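Engineer: This structure is in structure tokens; I'll ask about it shortly.
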There are 2 protein chains.
Amino acid sequence: MPAPPDSAAAAGRVRASQAGASRASIELSAVLISVDETTPRLLTVHHGREGLGLPSTHLDDRVDRTLQQGVRRLVGSETGLPVRYFEQLYTFGDRGRAPGGRELAVAYLALARYQPVHGPNEPSWLSCYELFPWEDWRSGRPALLDDVILPAIDEWLARSTLDELPTRRERAELTFGVGHALWDPVRVLDRYELAYELGIVGEAMAASSGDGGEGGAGRRARAAPVTGNPRAGDWRGIGMPLALDHRRIAAAALERLRGKLAYRPVVFEVLPETFTLSRLQQVVEALAGQVLHKQNFRRLVASANLVEPTGEWDQRTGGRPAELYRFRREVLRERPAPGLGLRRLGGP
Amino acid sequence: MPAPPDSAAAAGRVRASQAGASRASIELSAVLISVDETTPRLLTVHHGREGLGLPSTHLDDRVDRTLQQGVRRLVGSETGLPVRYFEQLYTFGDRGRAPGGRELAVAYLALARYQPVHGPNEPSWLSCYELFPWEDWRSGRPALLDDVILPAIDEWLARSTLDELPTRRERAELTFGVGHALWDPVRVLDRYELAYELGIVGEAMAASSGDGGEGGAGRRARAAPVTGNPRAGDWRGIGMPLALDHRRIAAAALERLRGKLAYRPVVFEVLPETFTLSRLQQVVEALAGQVLHKQNFRRLVASANLVEPTGEWDQRTGGRPAELYRFRREVLRERPAPGLGLRRLGGP
DNA sequence: TGGGCATATGCTCATTCAGAGTATAAGTCC
DNA sequence: GGACTTATACTCTGAATGAGCATATGCCCA
């Protein structure tokens, strides 16, 4: 069925378009996520004038045999923290995402247990919900939605042409659950991107406005231009900006992580060896940005055989002591997609 | 909470590791998938001496504003086919994945309706199951498993040290469902990677053998070295090799696509505007490599509100005429994760 | 010492959903 | 007209889900 061999002449053309090819500089970025008492946090470092941003480095061709090794080296040199999970996230390569020529950024999602950090560039744990305040629904619907975002969406719809209107309306419904549509906790990146287009996040306000965009299917990889100069507590727009397009990358990471919660046991990578079921639920709720029904959550965890009791008890609960559990790594080979099958990450 | 501004001196170090930085050449690759009558197919082109491979090109910095535009241009110039879905797949950047210096490959998954192709490099639709014969369970358990793969696994386990044994056994159970573990249709890449390590796929046989590997969590991005010279029907090992590490990339694409079936309505991008429910099922089965319970499938599709009847009927069924349906794009905004909730892609 | 409070844990109940089977309708082929 | 093929409708059962109530076991403080 495949065609006969050799057609070197024709095949030459595949690589012939190298005429316009150029070598790009490769940047590695890490979104290292953990969970504090009740807050999901990501690691930031200082990027000089550009303010806070993700740990980033250029791929060192002499040292790093694989991309993941490069990220490992990066996080090691910035924090020394032991990273318990790595996953390639996305490659950002739009023109204009970084100043001075094209730069490709390969971003990784990483998970670690929470602990204080020290390092050469003042690493610190930033609350994910300082970046995306509209993503935390644990104490009810965020006020920001009705105060800022929905009005901005209305305005955006109002100033659209008749052609654009249905698409825009659909997009607003999809991402922010406008109208009778549902809020999908996973669509973090979609929401950030729309907020960016609405011009209500700091990066977009500092830079040029609307863009139009391609509108095709699939994940858009449009870049946020270089941001102004986010300093502590002193920024415009909703949520705290990061250097370059790093807030976008963080949004992609949170989206990926929330999506994974349902079908892969990744939560355990931010938890200590043993933990109570309440702590487990607390961490899941922190990451999902949603409260969960307590009894059902325990039933779920139990029936999924994700954990096993250690026989030890935590007395510091303030109430009845709670049994300590540990993650059963064996489930990985027992079921195709182990995880807290939170189908719609259903709340109470 | 964030530290006070400015620490330019320290921050300099973040980017100071540029000392060893190098600019890499960026290759774009597309895994364009469609479904023939009953076979999932991906588009291959001729790569000269290296045989069949994926459509690939170097990123043209002058033309392509975004990576996705580059892929669009690539598929356009190779085939002219209208692509209905794009999604970034993975970035492969291990040293040694391509001859002659480091090359980063950014791979995209693309979907199109099936139609004959023409182009400068003899594009053709290759059956996915010619690449991965062990992935097609529609007519029962593939013989290849018991004839070749399981014996190779046994041998691999037998020659492992006592340290390696539990890890290896677990991995075998996880990927190939050895023992009483279940076969997860989604783990296409894991299976290809293990088969590669077992030395039973052509690429691994032509090149050096075992490697050891890192063994950490997360997706491994190890590269398959340059392959021998896959010619039509004339290769060693199981399944047909592709040029370079392109079969690995194809495995990643099939894995992603199978995973997406359950929670995103991507099937419809390979179907024509209208279709019968049987055709829909046939396409899903082709991609999933599994047969599905017919009555339940229809109930699923109906209850998910994914399609709506057109009122027209297809008379060419050979039996009772079937009603034609069309995809309801609106579901995208009605439910968080629309798709054929094939939880375990459950069969009959 | 015992009540108030907080937390953990156990159990019930109604509803929905997934898997599997049976029955019927409406065409084609010979 | 009968055999065969395909489409479609309906039933049944056990499991999973969402929500609630009840009980156990600690602490704090009067």
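Engineer: Considering each of B:Ala243, B:Ala250 in turn, give the residue that is touching a residue at least 24 places away in the same chain (Cβ under 8 Å), touching a Cys at 6+ places or on another chain (Cβ under 8 Å) and within 27 Å of B:His47 (Cβ to Cβ).
Structural biologist: Exactly one of B:Ala243, B:Ala250 is touching a residue at least 24 places away in the same chain (Cβ under 8 Å), touching a Cys at 6+ places or on another chain (Cβ under 8 Å) and within 27 Å of B:His47 (Cβ to Cβ), namely B:Ala250.
Engineer: Is it the case, given these coordinates, that A:Val266 is within 30 Å of B:His180 (Cα to Cα), modelled with pLDDT of 90 or more and away from DNA strand C (no atom under 16 Å from the Cβ)?
Structural biologist: yes
Engineer: I would also like to ask the following. Here are some conditions: (1) crowded, with 24+ Cβ neighbours inside 10 Å; (2) aromatic (Phe, Trp, Tyr); (3) within 10 Å of chain B (Cβ to nearest Cβ). A:Tyr85 meets all but one. Which one does it not meet?
Structural biologist: (1)
This table checks each residue for (1) of a type in the set (Lys, Arg); (2) within 8 Å of chain B (Cβ to nearest Cβ).
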{"position": "A:Gly80", "(1), (2)": "no, no"}
{"position": "A:Pro116", "(1), (2)": "no, no"}
{"position": "A:Asn121", "(1), (2)": "no, yes"}
{"position": "A:Glu135", "(1), (2)": "no, no"}
{"position": "A:Ala143", "(1), (2)": "no, no"}
{"position": "A:Arg168", "(1), (2)": "yes, no"}
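Engineer: Could you check B:Ala251 against (1) more than 14 Å from every other protein chain (Cβ to nearest Cβ); (2) farther than 23 Å from B:Gln115 by Cβ; (3) touching a Leu at 6+ places or on another chain (Cβ under 7 Å); (4) within 14 Å of DNA strand C (Cβ to nearest atom) and say which number it fails?
Structural biologist: Going through the list (1) more than 14 Å from every other protein chain (Cβ to nearest Cβ); (2) farther than 23 Å from B:Gln115 by Cβ; (3) touching a Leu at 6+ places or on another chain (Cβ under 7 Å); (4) within 14 Å of DNA strand C (Cβ to nearest atom), B:Ala251 breaks only (4).
Engineer: Among the residues of the range B:55-63, are any in contact with a Phe, Trp or Tyr (Cβ under 7 Å, 6 or more places away or on another chain), crowded, with 23+ Cβ neighbours inside 10 Å and at pLDDT 80 or above?
Structural biologist: No, the range B:55-63 has no match at all.
Engineer: Surrounded by fewer than 23 Cβ atoms within 10 Å (Cβ to Cβ) and within 9 Å of another protein chain (Cβ to nearest Cβ): is that true of A:Leu126 in this structure? Outline the logic, then answer.
Structural biologist: Numbers: surrounded by fewer than 23 Cβ atoms within 10 Å (Cβ to Cβ): yes; within 9 Å of another protein chain (Cβ to nearest Cβ): yes.
So A:Leu126 fits the description; yes.
Engineer: Related question: Test of understanding: among A:Leu32, A:Leu42, A:Leu89, which residue is in a strand (DSSP E or B) and either under 30 Å from B:Gly53 (Cβ atoms) or at pLDDT below 90 (or both)?
Structural biologist: Working: A:Leu32 fails: either under 30 Å from B:Gly53 (Cβ atoms) or at pLDDT below 90 (or both); A:Leu42 fails: either under 30 Å from B:Gly53 (Cβ atoms) or at pLDDT below 90 (or both).
Testing whether each residue is in a strand (DSSP E or B) and either under 30 Å from B:Gly53 (Cβ atoms) or at pLDDT below 90 (or both) leaves just A:Leu89.
Engineer: Any idea how many residues of the range B:288-305 are over 30 Å from B:Ala251 (Cβ atoms) and near DNA strand D (Cβ under 10 Å from one of its atoms)?
Structural biologist: 4
Engineer: Filter the range B:284-307 for residues that are of a type outside the set (Gly, Ala, Ser) and touching a Leu at 6+ places or on another chain (Cβ under 7 Å) and give the result.
Structural biologist: Narrowing the range B:284-307 to residues of a type outside the set (Gly, Ala, Ser): B:284-285, B:287, B:290-301, B:305-307.
B:Val284, B:Glu285, B:Leu287, B:Gln290, B:Arg298, B:Leu300, B:Val301, listed by residue number.
Engineer: Any residue in the range A:157-180 that is surrounded by fewer than 16 Cβ atoms within 10 Å (Cβ to Cβ) sitting within a Cβ distance under 6 Å of a residue that is of a type in the set (Asp, Glu) and in a helix (DSSP H, G or I)? List the pairs, counting only those 6 or more apart or interchain.
Structural biologist: Close Cβ pairs (under 6 Å, with a partner that is of a type in the set (Asp, Glu) and in a helix (DSSP H, G or I)) amount to A:Gly179/A:Glu173.
Engineer: Any residue at all in the range B:211-232 that is buried (at least 20 other Cβ atoms within 10 Å of the Cβ) and at pLDDT 90 or above?
Structural biologist: no
Engineer: Here is a follow-up. If you take the residues in the range B:266-279 that are assigned to a helix (DSSP H, G or I) and more than 11 Å from DNA strand D (Cβ to nearest atom), which one is farthest from the other protein chains (Cβ to nearest Cβ)?
Structural biologist: B:Val267
Engineer: Which of the residues that make up the range A:303-318 are part of a loop (DSSP other than H, G, I, E, B) and either farther than 13 Å from A:Leu277 by Cβ or among the aliphatic types (A, V, I, L, M) (or both)?
Structural biologist: Across the range A:303-318, the qualifying residues are A:Ala304, A:Asn305, A:Leu306, A:Gln315, A:Arg316, A:Gly318.
Engineer: Residues in the range A:100-151 that are under 22 Å from A:Val291 (Cβ atoms) and β-branched (Val, Ile, Thr): how many?
Structural biologist: Residues meeting the conditions: 1.
Engineer: OK, next. Any chance the range A:235-247 includes a residue that's under 25 Å from A:Gln281 (Cα atoms), at pLDDT 90 or above and assigned to a loop (DSSP other than H, G, I, E, B)?
Structural biologist: no
Engineer: Now for a different question. A:Val284 - would you say it is under 21 Å from A:Gly319 (Cβ atoms) and under 16 Å from the mean Cα position of the chain (by Cα)?
Structural biologist: When the stated conditions are applied, A:Val284 passes them.
Condition check ((1) within 30 Å of B:Gly177 (Cα to Cα); (2) at pLDDT 80 or above; (3) within 11 Å of DNA strand D (Cβ to nearest atom); (4) not hydrophobic (A, V, I, L, M, F, W, C)) across all residues:
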{"residue": "A:Gln281", "(1), (2), (3), (4)": "no, yes, no, yes"}
{"residue": "A:Val307", "(1), (2), (3), (4)": "yes, yes, no, no"}
{"residue": "A:Thr317", "(1), (2), (3), (4)": "no, no, yes, yes"}
{"residue": "A:Glu330", "(1), (2), (3), (4)": "yes, no, no, yes"}
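Engineer: How many of the residues making up the range B:98-114 are part of a loop (DSSP other than H, G, I, E, B) and either modelled with pLDDT of 95 or more or in contact with a helix residue (DSSP H, G or I) (Cβ under 9 Å, 6 or more places away or on another chain) (or both)?
Structural biologist: 2
The values are calculated or read from the model by the stated rules, or taken from the named source; none is laboratory data. All figures in this text were calculated on a predicted structure; none of them were measured in a lab. Glycine also receives a Cβ, built like all others from the backbone with ideal geometry; neighbour counts cover every protein chain displayed.
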